[in-house]
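The values are calculated or read from the model by the stated rules, or taken from the named source; none is laboratory data. Computed from a predicted structure; not experimentally measured. In this analysis, Cβ positions are derived from the backbone assuming ideal geometry, glycine residues included, and neighbour counts consider all displayed protein chains. Ligands, DNA and RNA are excluded from the accessible area calculation, which covers all protein heavy atoms including side chains. Shrake-Rupley method; radii C 1.70, N 1.55, O 1.52, S 1.80 Å.
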Amino acid sequence: MAEPAKPEAVVAVLARAGRLLVIRRGERVRNPGYWTLLSGRIEPGESPSAALVREIREEIGLAARPVAKIWECETDDGAFRLHWWTARLDAGDPVPEPGEVAELRWVTAAEYRRLAPTFAGDHEFFDRVLPTLDLPG
């Protein structure tokens, strides 16, 4: 008998001036207090790119255009399959959605490594995947 499909989520890789947007998770989401890139569950019948646009609008109030899927991995606990996408943000400043986003920062990879707590999978992204990318923004 086939195993049920693992729930899927998207991760938004959003860049501006050589920095990536990271958030500290709010109290209403899994793993509150963790620093990570913006992310969220793909709803039934929703494409990963549509989920990316929706999650960005819900969590930071900005419109975005998906650019490319760049990586795929599982969450540290194996609960979700993550689809990592780059996207271009429309003009404006991100505004955190209280409860989902406690804080946000634009950081370099070196600055990200000094944040805590963080997820091991995110470190793999910053160490192995990010150096290979030519990011929009």
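Okay, residues lined up against (1) more than 13 Å from the chain's Cα centre (by Cα); (2) part of a helix (DSSP H, G or I):
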| position | (1), (2) |
| --- | --- |
| 43 | yes, no |
| 50 | yes, yes |
| 55 | no, yes |
| 58 | no, yes |
| 69 | no, no |
| 76 | yes, no |
| 84 | no, no |
| 87 | no, no |
| 94 | yes, no |
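In the set (1) open to solvent by 60 Å² or more (accessible area, probe 1.4 Å); (2) within 14 Å of the chain's Cα centre (by Cα); (3) farther than 27 Å from residue 6 by Cα, residue 114 fails one condition alone, (2).
Only one residue in 67, 11, 107 is of a type in the set (Val, Ile, Thr), under 20 Å from residue 134 (Cβ atoms), out of contact with any helix residue (DSSP H, G or I) (no Cβ under 7 Å at 6 or more places or on another chain) and open to solvent by 50 Å² or more (accessible area, probe 1.4 Å), so which one is that? From the options 67, 11, 107, the qualifying one is 67.
Across segment 14-41, the qualifying residues are those that are among the hydrophobic types (A, V, I, L, M, F, W, C) and open to solvent by 20 Å² or more (accessible area, probe 1.4 Å), and the one among them that is nearest to the chain's Cα centre (by Cα) is 29. Restricting attention to segment 83-104, and to residues there that are open to solvent by less than 20 Å² (accessible area, probe 1.4 Å) and among the aliphatic types (A, V, I, L, M), which single residue is farthest from residue 24 (Cα to Cα)? Ranking the qualifying residues of segment 83-104, first place goes to 87.
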